[in-house]
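Below is one structure, written out as structure tokens; the observations come after it.
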Amino acid sequence: MKSAYYEKNGPAADVLIVGDRARPEPAAGEVLVQVHRSGVNPSDVKTRAARPLAGEYVIPQSDGAGVIAAVGAGVSDERVGLRVWLWNGQWQRADGTAAEYIALPSEQAVELPENASFDEGACAGIPLLTAIQAVEFAKACDAKTILVTGAGNAVGHYATQLAVRNGMTVIGTASPRRADLVREAGAATVVDYRADGFTDTILAANNGKGVDAIIDMDFSSSVSLLRAGVLAPHGTLICYGSNDMNDIAAPFRELLYMSLKMNFFLVYELTPAQRAAALAIATEVLASGTLQTKIDSHFTLAQIATAHEKVETGTAIGNVLLDIA
């Protein structure tokens with residue numbers, strides 16, 4: 001089968017190889033999926049650039065959508081031919097979705113609703129599930145007003161829509177070139193995070209008060225919002241990432257005296273109960289046809305290095321996909 005892979009970390013153009021590899025066979029409890037679309041996410045490019053390999057090689061990317069071509073022992077033959085979307089395809093394993101076929105546990109191939117496209121399915125694994133879980137945490141703390149940082153990015157775009165669907169008022173941060181996208185997603189206010197006094201603008205948008213919750217993509221920069229009072233007393237910071245993975249100083253005085261809470265999570269490591277609930281919500285919103293999925297660009301498998309560079313540079317507005325079948 002045709003596949004992209006790398007045997008060492010480094011820049012996309014230097015280490016990504018496109019060639020032939022043996023087609024995998026589904027083991028007991030697994031399905032073999034013919035991949036139609038493979039999603040390229042920030043975590044995929046960070047993994048390729050620097051994270052230790054899970055084996056002698058890595059076929060990158062965890063998200064994808066396609067059709068079940070075969071099943072292993074213990075899996076019903078009725079699954080053959082189903083359109084599915086995939087999650088955790090390359091999490092803690094060598095074989096991801098940047099290939100014509102992938103074999104993985106049957107439960108990681110979720111039936112794609114009839115009216116949902118392969119494009120939408122290939123964006124569900126990391127962006128949509130992350131957004132769903134973040135909004136579920138916001139619901140759990142009864143948040144009425146929330147700040148979504150990076151609201152013009154894939155996760156933030158979904159989170160904004162889902163929060164609005166749940167009756168929350170959303171303030172989103174975004175660059176000017178992504179501002180219209182965030183407004184279309186339902187944000188009441190869009191704030192340019194690079195503008196002078198942007199924290200004052202956030203507070204002004206919420207009648208001078210802090211928000212109930214922050215859905216945050218970069219703890220290393222957003223921790224400063226706590227010092228500025230952007231989070232209301234007893235509010236919750238819900239964080240799923242950071243551009244700096246080292247020690248980060250947090251304002252203890254504000255955390256203590258304002259009784260602030262911090263809720264961190266990794267979409268790859270949801271609990272079984274969280275995963276089941278998130279999958280159910282994903283199926284419901286995909287089937288509804290009301291969720292906007294913004295696609296920036298499509299690339300072929302042979303163009304995977306360019307696709308990775310597009311994500312890595314932060315120039316994409318929306319999701320980046322590989323068209324494989």
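The values are calculated or read from the model by the stated rules, or taken from the named source; none is laboratory data. Because the structure is predicted, anything quoted here is derived from the model rather than measured. In this analysis, Cβ positions are derived from the backbone assuming ideal geometry, glycine residues included, and neighbour counts consider all displayed protein chains. Calculation scope for accessible area: heavy atoms of the full protein, side chains included, ligands and nucleic acids excluded. Shrake-Rupley method; radii C 1.70, N 1.55, O 1.52, S 1.80 Å.
What the table shows:
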read-out	value
Filter result for Thr293 (under 23 Å from Thr130 (Cα atoms), under 16 Å from the mean Cα position of the chain (by Cα) and either open to solvent by less than 20 Å² (accessible area, probe 1.4 Å) or not basic (Lys, Arg) (or both))	yes
Selection count, segment 242-267, where residues are surrounded by 16 or more Cβ atoms within 10 Å (Cβ to Cβ) and touching a residue at least 40 places away in the same chain (Cβ under 8 Å)	3
Inter-residue pairs, beta-carbon under 7 Å, first free of Cβ contacts under 8 Å to residues at least 60 places away in the same chain and in segment 130-141, second open to solvent by 40 Å² or more (accessible area, probe 1.4 Å) and of a type outside the set (Lys, Arg), 6+ apart	Lys139/Asn166
Filter result (within 26 Å of Ile126 (Cβ to Cβ) and not in a loop (DSSP other than H, G, I, E, B)) within segment 236-256	Thr236, Leu237, Ile238, Cys239
Checklist (1) within 19 Å of the chain's Cα centre (by Cα); (2) open to solvent by less than 30 Å² (accessible area, probe 1.4 Å) applied to Gly229, failing item	(1)
Answer from Ala65, Ala54, Ala73 - the residue that is of a type in the set (A, V, I, L, M), open to solvent by 20 Å² or more (accessible area, probe 1.4 Å) and at pLDDT 95 or above	Ala73
Residue within segment 263-286 that is part of a loop (DSSP other than H, G, I, E, B), of a type in the set (Gly, Ala, Ser) and more than 18 Å from the chain's Cα centre (by Cα) present	no
Residue pairs meeting the criteria (Cβ under 7 Å; at least 6 apart or on separate chains; first of a type in the set (A, V, I, L, M), in segment 186-201; second open to solvent by less than 60 Å² (accessible area, probe 1.4 Å) and part of a strand (DSSP E or B))	Ala187/Val170; Ala187/Ile171; Ala187/Gly172; Ala188/Val170; Ala188/Ile171; Val190/Gly172; Val191/Ile171; Val191/Thr173
Options Ala325, Ala307; residue that is outside any strand (DSSP E or B), at pLDDT below 95, closer than 30 Å to Met1 by Cα and not aromatic (Phe, Trp, Tyr)	Ala325
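Quick grid of which residues meet (1) within 20 Å of the chain's Cα centre (by Cα); (2) open to solvent by 10 Å² or more (accessible area, probe 1.4 Å); (3) among the hydrophobic types (A, V, I, L, M, F, W, C):
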residue	(1), (2), (3)
Ile59	yes, no, yes
Trp85	yes, no, yes
Gln92	yes, yes, no
Thr97	yes, no, no
Pro105	no, yes, no
Gln108	yes, yes, no
Pro113	yes, yes, no
